[in-house]
Amino acid sequence: MRNNNMTKAATERIVKKVWSAKMQHDAGAKEASPLVDFVGKFIHDDLKAKGIEPVQVVVADVGYNFMWALKRWSYDADCMLFLQVGNAGRGVWG
């Protein structure tokens, strides 16, 4: 996978979009979905909305770059919180 070196601003925008979409999704659900499961769904739906075919390799590439950026910018409180919630959810983000 190619690292796109996502900027801090782009990473924070995605974090905010994911939180917003997750709150809307969970508001209509019987129970909250784990963040790690929701991120994959979010990436898939976001690609589709942009007119990009959300095939597995593309979803994985976006997910990899987002994860890399979260770790790179982990000194930022929003990025660190996102990583910590993801770790608590399933332990696969670290």
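A few comments on the model shown:
- Residues located in the stretch 18-42, provided they are closer than 21 Å to Val55 by Cα, at pLDDT 90 or above and not aliphatic (A, V, I, L, M): Phe38, Gly40, Lys41, Phe42
- Here is the figure for the stretch 33-69: residues that are outside any helix (DSSP H, G or I) and either hydroxyl-bearing (Ser, Thr, Tyr) or over 18 Å from Leu83 (Cβ atoms) (or both) total 7.
- Residue in the stretch 43-53 that is over 21 Å from Asn5 (Cα atoms), surrounded by 13 or more Cβ atoms within 10 Å (Cβ to Cβ), at pLDDT below 90 and touching a helix residue (DSSP H, G or I) at 6+ places or on another chain (Cβ under 9 Å) present: no
- The number of residues in the stretch 33-71 being farther than 17 Å from Trp19 by Cβ, free of Cβ contacts under 8 Å to residues at least 40 places away in the same chain and of a type in the set (D, E, K, R) comes to 4.
The values are calculated or read from the model by the stated rules, or taken from the named source; none is laboratory data. Predicted, not measured: the structure shown is a model, and the values here were computed from it. Glycine also receives a Cβ, built like all others from the backbone with ideal geometry; neighbour counts cover every protein chain displayed.
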